[in-house]
Structure formats: structure tokens, C-alpha cells
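The values are calculated or read from the model by the stated rules, or taken from the named source; none is laboratory data. All values reported here derive from a predicted model rather than from experimental measurement. Backbone-built Cβ (ideal geometry, glycine too); neighbour counts: all protein chains shown.
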Amino acid sequence: MAKNLVIVESPAKAHTIEKYLGSDFKVLASVGHIRKDTKVDKNTFDVTYEIDPGHKSIITELKREVKAADKIWLATDEDREGESISWHLLEVLGLPGDTARITFHEITKPALEAAILNPRAVDMNMVSSQQARQTLDMLVGYDLSDIVRRKVPGAISAGRVQSPALRLVVEREKEIEKFESKFSFKISGEFISGASSIFLASYDGKAPENEDDVKDLLAKLSNEEFTVMDVEEAEGVKPNPVPFTTAALQIEANAKLGFSSRTTMSAAQGLYQAGLITYHRTDSLNLSSQAVAAMAGYIKANFSEQYLKTRHFKTKDASAQEAHEAIRPTDITRTAAGKNDFEKRLYQLIWARTLATQMANAKVAKTMIRLSHDFVAKGEVVVFDGFLKVYGKSKDLELPRVAKGDEMECLKLTAKQTFAKPPARYTEGSLVKKLEELGIGRPSTYASIMTAIQARNYVEKGESEGSEREVVEFVAEKGNVERTLVKEKFGANKGKLMPTPIGELVSGFLTDNFKNIVDYKFTANIEKDLDLVAAAKLERVKMLKDFYGPFRDTVLTANGVERYNNARLLGHHPENGKPIYAKVGKTGGFIQLGDNEKEAGEKPQFAPLPKRKSAKTVTLEQALKQLALPALPRNLGKAPDGAEIIAANGPFGPYLKGGKYNIPIKDFDPYTISLEEALPLYQKKVDSMIADWGEVQIINGAYGPYVKGPGRRNNVKIPKDVDPKTVTEAQAREMLANKPKTASKTRRGARGKRK
């Protein structure tokens, strides 16, 4: 029997650690938090904890193994959350206060052996800091969510850290709405000198805004003689990147791999638990001397010594919560790793970035050719790739060799109408970057912030590839100028974060009534106070009292405000004179004809907003057209098999009801869809039915045949080696009964219950 019992957070981590420690050690997992906080005393700030129901069997096993072991080691993660989990284990398992607590920022044999030799007690200051954060989030969550639900239509809840993040998205959208897009003409030319290659140069003078003036300028310039006025050459460097912190990893994975923050952290956790990377929740830039030495050896062996430039990095913030090491591979010679595509791609990004930090700067030769009549050409050639060998891209733009006084021939001039771009919407990566800059949140919270604001339907990701518009383009050759119209795409928002109407209402309500909650500096200062609690420089209860007293007063004041709704009066109906409003409700925006029933004595008429219009942008004319739409559900007619086809709107969006089938119609409007458009959708549904026994069906879906049972999400795939046409109803029901169970919320891993 093992003499030592090591308790970690996740089963995957436990499996990896047990391989290194040997037969004298048994490693078990708490599977995240074993207790949950159920209530807080608002006077003393004492917290009541309860055993998480899903952890009862885990605790029973841990208690049994604790009795059998000679020594207990608490090896939960090295941040505040991990420290708190160790304290809960002390309390629930009845362990003494001096139980060995060990931490390590990579799961390797040397790191584990070093940790075993240097145990400590649970750090109660870190525990107090985590309790303060948890208490703050509970108090704000309970009080703020309650009042937001009552005062804002469609609101679900509000959080202490998520609210400033939502405000950032809403404010950026307001900037975009106010932006006035002006255009200018960008002039460029194609030039050549003797046998040299053709190169492009841009007009550096002030281009006219009037089309006639642009045309005249091009006609004049295209007849001019051009000479080289000056040639400037200089050598520059491209500095290599710094190591990955948690925020930087999320930003880069979003930009380069298209990963959401949640996907990035899930993949990083898998890599860490498998012992492939160092701890993935960190705001430190430090790399250990052993890691730097290993990278130096790898670079010299694989690229030559000229590529090596050893660097040591320091974290700017001295109070960094997880100031241990940056995220790096545990073995730099392992160039590929991971159990799935997400982990493999993320590992490659971490490996390349880490190696690049110890490589030489890239050297570039920059050239600038100045021509007569204000034309300039710029080129850049990489003369030594340095860190670009493994990380980043280089695009050479080589200019021909010319000398001052050389005559140049102008082959063609182009003037293209160019519109100024509005401020860019946030992506998950750029929003994390902004939060980090403002000091809001910590490495462990960024992913949960991104998830929360989207799960509450306050923010959504855009899906549009953009619209087309025509822009004016002039082309001039030897005095002859032609005007053409070319098409370009603009306004793409795919993957960008956009506030929903409800999100805008919630943010507006909080900004009007809870300025501190959405104030960036105030939220950042709370993070600093939590750091002070962890450093034993601020007492937990004092910090909570200083925050909660004024906050509670604000809640009491806000209880008296009117129900919050930014209804817009669009005008009055030309026939009956009733007011027409654009409003936001629980399911989003809508149009209302007439006042509310309590005021008018009769029920108002409602209509949906037109596609791609919001309560802020819809016009009176558009609203009148929507109010004239037919009532739903609409009977479109009959299918060839006699089934009635009906268009309707439901809680999950517009759909067709064809006989006994409900068919979603995301790409059609239920008010205008015709029978001719609906019949192919109905027939496709009928054709997908392999078998239909009422509440149990076999359907040929987009990812192959599957069994659909009663209720939502009650599906199971049919194995590839089984012919779906041969499956009986009894066999289908058996498949549903024996389908793999999804992981419970209490077993989502070591960080399944972070707030």
C-alpha cells in the first residue's frame, strides 16, 4: 500500500503525476471544489459552505485513503483558487493545519521532486484573498442580478467583472454608430526604368476630393516626365516576441488560430495536465534558467549559433498574482504534442513563440525611392530571418536598383476612392487585451468573462461576411483617363463581438445607476485590493465592508427607479393616429402600435423588426410595413402528399410546420416565405426520415444517421457499421437508453466552477 497520498484537482493531472512519483505515492483528484458557498452574512461576511452533492462519493474515497496513508500532500494548482481548494480539503477531510502543501508550475519529474523536498503550509492569506473575491462576486451577483432582472426587460443577471467588459463592447458599438465615413482618393502608379522590373509608388501629395479635380490631376501627372530624386537605404531590426502570459496566449490564439478564450484555456489545461507545458494561468514573463539553457542548446544544434540571443524577462507588475513562469513547453525538443487538433495547434504556437524569445532579432534592409511629382516607393527585404525562422511571417517587397537622377517611365496611374474605416469591433482576443491593459480580471477569469457575456445573450458574435459597394476608380495612361466602378466588400463582422439589444439595455441601466460597477478604474482597484489581501497588507473583512456598504446603498436607491426601457417613439400611424414605438423585450427588439394596455385600455399590436434592423435604427416607414404583415401562423397551402404547410414563429426562431414535422427556416422570413420556397424544405425533411415511430425517429442528418428521441438534445449517433434502415424501434430505444452520458457540471475539471 502507498505510504503517501497526493491530492490534486483533476484526474488527468493525477494520472500524469502518478507516473513520475513511483509506487510509494498514490495520487487522487478532488475534481475541482469539493464545497460550494451557499450564503454570505452581509454584516460579518462569514460564508456558509456545503458539500457539493456531486462530490460526496469523491470525499468518501478521499477520507478512506487519508486514513490508510502515512503522509498527505496537497498539490492543487498554485494560484489562489488552488490554495482555496487545499484549504477546503483540510477542513472537510479533517487534516491538521501543517499538512504538506506543495506547488509546481510544470508536471515533470524534476519539478515534482523539488516540490516534495520543499513543502509548506496552506497560505491562509491567499485563501482569504480568494474568499474575498468569491464573496464580492456573490454579493454583487445576488443584489445586482435581482434588481437588473426586475428593472431591465430580458436581463438574466449581472456580474462584478463581466459588467465592465460588456460596457467596453457597448461603447465601441456606439463609436461605430457615430462614425461618419468620409472618403478620399488614393493615387498610385506603376513605374519602370530601362530593363528594371515594374514597381509601385504612392502619391505623397494631397489628393483632391472632387472627381473632376482627380481626373484632371491624373491626366496631368500621366503626361509628366519622372526622375529619381533620392534613394534612401537603411538597415533595421524586427524585435522578437516576449513569452506567453495567459492573456497574451488567448490574444494570439484568437488572432492566429481563431480560438475562443474558452477553447484556448481548455486546450492549454489538457497540455498542462499531460505534463507538456508549464502552468497555463500566469501573468509572469519569467523563464527558468534551466529552460533558457535548454533552448540555447536546441537553437545552436538546429539553427547555428548566429540564431541564438539569450534573453531574460521580468514581469512589469511586481504584485503579479501568479508570478512564477511564463507558459512554455516543458521539453523544448518536443516539437509537436497534444491529444487532439486543438491541443496540437496550440502546442505548436507555444513552442514556436517560446523558442523565438531566445533567438536573434530579424534584420531587414529598408529602401525608399523618392520620385519627382511627390511619388514615393517603399521596399523591405529580410537579410537575416532570425526568430522569423520559427515564429511570424516576412514578406519581401524588393525594389529595383536605381540611382538619383535616373529617368523613370510611368506606365499607369490609378486613383481609387477609399473610405475611412470605423473603429474595429472587439474580438475575444482584443477584448482580453483591453481588459488586461485596464487591470480588470486575472489570468484565471478572462475565459469565463468571455463565456458569461455571451451565454447571457448580452453579446453575440457577428456572422456577416460584409456587404458590397461600388467605389470609383480612375485609370490614366498617357493623358487618357477612364472612370470605372469597382466592387469591394465592407462592414464584415464575422467573429466580432456585438452587443445585443438586451446587452445595451443592461449596460445602460448599470451605467446610469451603478457607475462604480462599470467603472474601469474602480474595478481595477478592487483587483489591487485583492492582491493586498493575498500579501497580508489588507484585512479581508475591512475590504468587503469598504465595498459593500456604499454598494448596498446604491442598490436601495436603484430599487426606486422606473423599469428601464429605451423605447423610441417613431411617429404615429397615418390611419388611426396611434403611436408607434420601437422597443426591446425579453426576446429582443420589436415594434409596438399603441400604448400599453394599462394606459390605453386596449391591447397594442406588435410586429417584429425588419431583418438587420434594431430598435435604434428602424424607421417609421419600415415599422409601418412590418405592422402590415400578415398574422402568424400563416397557412401557405398543401404539399403534394396532402400535408398542410404552415409558417410560424416559436421560442427557437421561425419554422415551418409540415404535417407532423417542424422545420427551422433560418434563411427565410415566416411572414413572406411562399409555398414554392417552403416545399423543397419540407421535402428535404421528409426525405431525411429513415424511420418514424412517432416520438422515436431515425434521421439522416448533416453528420450521418442518428436516432432522435423525445425531448430536446435526446439524440444518439448510429455506428458506421450499422445499416440505419435495418434498425428496429426496439433497437433504437435501446441505443437512446445506453447513449454515452455527458459529464456532470461537478466533474468538468479542476476549474469547472470558477466565477
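Which one is farthest from residue 273 (Cα to Cα) among residues in region 57-77 that are touching a residue at least 24 places away in the same chain (Cβ under 8 Å) and assigned to a helix (DSSP H, G or I)?
Checked region 57-77; the qualifying residue farthest from residue 273 (Cα to Cα) is 68.
Only residues that are under 34 Å from the mean Cα position of the chain (by Cα), modelled with pLDDT of 95 or more and assigned to a loop (DSSP other than H, G, I, E, B) were counted in region 79-121, giving 1. I'd like the residue in region 189-202 that is within 17 Å of residue 371 (Cα to Cα) and either in contact with a helix residue (DSSP H, G or I) (Cβ under 6 Å, 6 or more places away or on another chain) or exposed (fewer than 12 other Cβ atoms within 10 Å of the Cβ) (or both) and, out of all such residues, is modelled with the highest pLDDT. Of everything passing the filter in region 189-202, 197 is modelled with the highest pLDDT. Each residue in region 31-47 was checked for being in contact (Cβ under 8 Å) with a residue 60 or more places away in the chain, part of a loop (DSSP other than H, G, I, E, B) and either closer than 20 Å to residue 77 by Cα or basic (Lys, Arg) (or both), and 4 of them qualify.
For the condition within 38 Å of the chain's Cα centre (by Cα), aliphatic (A, V, I, L, M) and either surrounded by 14 or more Cβ atoms within 10 Å (Cβ to Cβ) or at positive phi (or both), residue 636 does not qualify. Pairing each residue of region 635-661 that is farther than 12 Å from residue 682 by Cβ with any residue that is at pLDDT below 95 and outside any strand (DSSP E or B), provided the two are 6+ apart or on different chains, yields C-beta distances under 6 Å for 648/632; 648/633; 649/632; 649/670; 654/665; 654/670.
So, residue 441, is that one farther than 30 Å from residue 486 by Cα, modelled with pLDDT under 90, out of contact with any strand residue (DSSP E or B) (no Cβ under 9 Å at 6 or more places or on another chain) and not aliphatic (A, V, I, L, M) or not?
yes
Taking into account only those residues within region 718-755 that are at pLDDT 50 or above and under 30 Å from the mean Cα position of the chain (by Cα), which is nearest to residue 274 (Cα to Cα)?
Step by step, filter region 718-755, then rank; the result is 742.
Please enumerate the residues belonging to region 231-275 that are closer than 13 Å to residue 342 by Cβ, hydroxyl-bearing (Ser, Thr, Tyr) and either surrounded by fewer than 23 Cβ atoms within 10 Å (Cβ to Cβ) or in the same structural domain as residue 405 (by TED's automatic domain parsing) (or both). Answer for region 231-275, where residues must be closer than 13 Å to residue 342 by Cβ, hydroxyl-bearing (Ser, Thr, Tyr) and either surrounded by fewer than 23 Cβ atoms within 10 Å (Cβ to Cβ) or in the same structural domain as residue 405 (by TED's automatic domain parsing) (or both): 260, 263, 266.
Looking at the structure I just gave you, is residue 591 touching a residue at least 12 places away in the same chain (Cβ under 8 Å), among the hydrophobic types (A, V, I, L, M, F, W, C), surrounded by 15 or more Cβ atoms within 10 Å (Cβ to Cβ) and more than 30 Å from residue 575 (Cβ to Cβ)? Considered against the rule, which asks whether it is touching a residue at least 12 places away in the same chain (Cβ under 8 Å), among the hydrophobic types (A, V, I, L, M, F, W, C), surrounded by 15 or more Cβ atoms within 10 Å (Cβ to Cβ) and more than 30 Å from residue 575 (Cβ to Cβ), residue 591 comes out as no.
Is it the case that some residue within region 236-249 is part of a helix (DSSP H, G or I), farther than 26 Å from residue 393 by Cβ and within 26 Å of the chain's Cα centre (by Cα)? No, that holds for no residue.
Looking at region 408-429, is at least one residue more than 30 Å from residue 200 (Cα to Cα), in contact with a Gly (Cβ under 8 Å, 6 or more places away or on another chain), surrounded by 14 or more Cβ atoms within 10 Å (Cβ to Cβ) and of a type in the set (S, T, N, Q)? Yes; the residues of region 408-429 include at least one that is more than 30 Å from residue 200 (Cα to Cα), in contact with a Gly (Cβ under 8 Å, 6 or more places away or on another chain), surrounded by 14 or more Cβ atoms within 10 Å (Cβ to Cβ) and of a type in the set (S, T, N, Q). Filtering region 267-310 to residues that are in contact (Cβ under 8 Å) with a residue 60 or more places away in the chain and part of a loop (DSSP other than H, G, I, E, B) leaves 274, 275, 276, 278, 279, 281, 282, 283, 287, 303, 309. Taken together, 541, 555 contain a single residue that is buried (at least 16 other Cβ atoms within 10 Å of the Cβ) and either in contact with a Pro (Cβ under 6 Å, 6 or more places away or on another chain) or in contact (Cβ under 8 Å) with a residue 40 or more places away in the chain (or both), which is 555. Taking the numbered list (1) surrounded by fewer than 18 Cβ atoms within 10 Å (Cβ to Cβ); (2) within 31 Å of the chain's Cα centre (by Cα) in turn, residue 561 passes all entries but (2). Just to check your reading of the model, which residue among 163, 184 is under 25 Å from the mean Cα position of the chain (by Cα) and on the phi < 0 side of the Ramachandran plot? Going through 163, 184 in turn, the sole match is 163. Does residue 388 fit the bill of being assigned by TED's automatic domain parsing to the domain that holds residue 193, assigned to a helix (DSSP H, G or I) and more than 29 Å from residue 473 (Cβ to Cβ)? Against the criterion (assigned by TED's automatic domain parsing to the domain that holds residue 193, assigned to a helix (DSSP H, G or I) and more than 29 Å from residue 473 (Cβ to Cβ)), residue 388 qualifies. Scanning region 717-735 for residues that are closer than 20 Å to residue 661 by Cβ and either surrounded by fewer than 17 Cβ atoms within 10 Å (Cβ to Cβ) or free of Cβ contacts under 8 Å to residues at least 12 places away in the same chain (or both) gives 725, 729.
Restricting region 203-230 to residues that are polar (S, T, N, Q) and touching an Asp or Glu at 6+ places or on another chain (Cβ under 8 Å), the residue that is surrounded by the most Cβ atoms within 10 Å (Cβ to Cβ) is 222.
Looking at 530, 570, just one residue is closer than 30 Å to residue 137 by Cα and of a type outside the set (Ser, Thr, Tyr), and that residue is 530. Restricting 615, 623, 582 to those that are assigned to a helix (DSSP H, G or I) and either modelled with pLDDT of 85 or more or closer than 20 Å to residue 505 by Cα (or both) reduces the list to 623.
Looking only at region 91-102, decide whether some residue is in contact (Cβ under 8 Å) with a residue 40 or more places away in the chain, within 11 Å of residue 7 (Cβ to Cβ) and not β-branched (Val, Ile, Thr). No, region 91-102 contains no residue that is in contact (Cβ under 8 Å) with a residue 40 or more places away in the chain, within 11 Å of residue 7 (Cβ to Cβ) and not β-branched (Val, Ile, Thr). Based on this model, can you work out whether residue 500 counts as of a type in the set (Val, Ile, Thr) and over 24 Å from the mean Cα position of the chain (by Cα)? It is false that residue 500 is of a type in the set (Val, Ile, Thr) and over 24 Å from the mean Cα position of the chain (by Cα).
Going by the structure shown, is residue 685 of a type outside the set (Asp, Glu), surrounded by 16 or more Cβ atoms within 10 Å (Cβ to Cβ) and at pLDDT below 90? It is true that residue 685 is of a type outside the set (Asp, Glu), surrounded by 16 or more Cβ atoms within 10 Å (Cβ to Cβ) and at pLDDT below 90.
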